[in-house]
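The values are calculated or read from the model by the stated rules, or taken from the named source; none is laboratory data. Because the structure is a prediction, the values reported are computed rather than measured. We place every Cβ from the backbone using ideal geometry, glycine too, and count neighbours over all the protein chains shown. Just the protein is used for accessible areas: all its heavy atoms, side chains included, with ligands, DNA and RNA removed. Shrake-Rupley method; radii C 1.70, N 1.55, O 1.52, S 1.80 Å.
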Amino acid sequence: MGILDDFRLDGRLAVVTGASRGIGAAIAIALAEAGADVVGIARRMPQHGDETGAAVRAAGRQFTGVAADLADDAGIAAALASIADLGRPVDILINNAGIAERSRAEDHTDAQWASVLAVNLTAPFALARELGRGMLERGRGRIVFIASMTTFQGGTNVVSYTAAKSAVAGVVHALANEWAGRGVGVNAIAPGYIETELTMGRDGNPERVAAQLPRIPFGRWGRPDDIAGAAVFLSSDASAYVHGVVIPVDGGWLVR
């Protein structure tokens, strides 16, 4: 067995939230290419998984789509029930699903605050807690949260998103303290400016893209595929001694 074998995920089952597009889809496909079967969760996810499911199956792995709204307890419970129905232990959890509400802090409503924290913080912790129990019983598992540049910086006009993503780092640290010695790795990836609908909007927002380029030493915005390698690493035995970290994948944004 060589070091490259440690990156393989053959025979493992990965749950990826927000798997229908963007970063979640890219991670789901990369995990499949590394050997994992995938359960993809999204609000409007058909069982066959559309393009994500097709790409996973093209990699020779199984895909199960689960439609669930992680904004409330009922949606979380429904997702967990669908996973339990598979009758297979979950080896990897990627907590990727997220939303943002943009407004000035003085105009940010209680409803905006509650919805963003529900999806970006409460649901990821609930899934980690529930699926983590099985990992702890087996003494093996990997959980990866998706953090943000706002985990390190305040951001502008995204106060609830910043609060949630800052808290994600705290959850990762706390779970790593409790679970690392019991065989479960908990870490996070903090994407920089990545070309997704969440960051760019439906119109692509060329003005925003151009405005951020001078702050990115690598010279371009990231693409969802740029996150995939870090996700495979943190999901695999290659990261066995990595616990409680938030890895920036940002083209050098934080060091500018």
Isotropic mean projected area of the C-alpha convex hull, the chain (nm²): 13.7
Span-rule helices in the chain, defined as complete DSSP H runs reaching 15 Å or more along the axis (Cα) with Kyte mean at least 0.0: 22-33, 73-85, 159-179, 225-235
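Rounded, prolate or oblate: pick one for segment 5-53, where a ≥ b ≥ c are the square roots of the eigenvalues of its C-alpha gyration tensor, a/c under 1.5 means rounded, and failing that, prolate if a/b is larger than b/c, else oblate. Mind dumping the intermediate values first?
Details: a/c = 2.45, a/b = 1.99, b/c = 1.23.
Prolate is the answer for segment 5-53, as a/c is 1.5 or above and a/b outweighs b/c.
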Check: the chain dipole with +1 on Lys, Arg Cβ and -1 on Asp, Glu Cβ, in debye: 300
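Mind checking segment 226-256 for chymotrypsin sites (Phe, Trp or Tyr not before Pro) that DSSP puts in a loop (not H, G, I, E or B) and that have at most 12 other Cβ atoms within 10 Å? Don't skip to the end; give the middle numbers.
Values: sites: Phe233, Tyr241, Trp253; in loops: Tyr241.
Here the sparse-neighbourhood loop sites are Tyr241.
Once every DSSP H run of n ≥ 4 in the chain is given -39500 (n - 2.57) and the sum is divided by its residues, what mean residue ellipticity at 222 nm do you get, rounded to the nearest 500 deg cm²/dmol?
Values: 9 runs with 101 residues, N = 256.
Value at 222 nm, helices only, nearest 500: -12000 deg cm²/dmol.
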Shape call, segment 7-159: gyration tensor on alpha carbons, a/c limit 1.5: prolate
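Taking 8 Å as the Cα distance limit and 6 or more residues as the minimum spacing, I'd like the relative contact order of the chain as a percentage.
Details: 512 pairs, mean separation 50.9, N = 256.
Relative CO of the chain lands at 20 percent.
Answer rounded, prolate or oblate for segment 125-189, using the Cα gyration tensor with square roots of eigenvalues a ≥ b ≥ c: rounded when a/c is under 1.5, else prolate when a/b is larger than b/c, else oblate. Mind showing how you got there, number by number?
Working: a/c = 3.32, a/b = 2.60, b/c = 1.28.
Prolate shape, in that a/c is at least 1.5 and a/b is the bigger ratio.
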Stokes-Einstein D for segment 130-256, Kirkwood Rh over Cα pairs, 25 °C, 0.890 mPa s (µm²/s): 157
Accessible surface, per residue, of the chain when the full set of protein chains is kept, probe 1.4 Å, Å²: 46
Per-residue HN-Hα couplings for segment 180-196 [Karplus 6.51, -1.76, 1.60; θ = phi - 60°; Hz; x = Gly/Pro]: 4, x, 10, x, 10, x, 10, 9, 9, 10, 10, x, x, 7, 10, 6, 9
From phi via Karplus (6.51, -1.76, 1.60), per-residue ³J(HN,Hα) for segment 149-156 in Hz, x at Gly/Pro: 4, 6, 5, 9, 10, x, x, 9
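With charges only on Cβ, +1 for K and R and -1 for D and E, what is the dipole size of segment 36-188 about its Cα centre, in debye, rounded to 20? Walk me through the intermediate numbers first.
Numbers: 14 positive and 15 negative charges, 112 e Å.
Charge dipole, segment 36-188, about its Cα centre: 540 debye, nearest 20.
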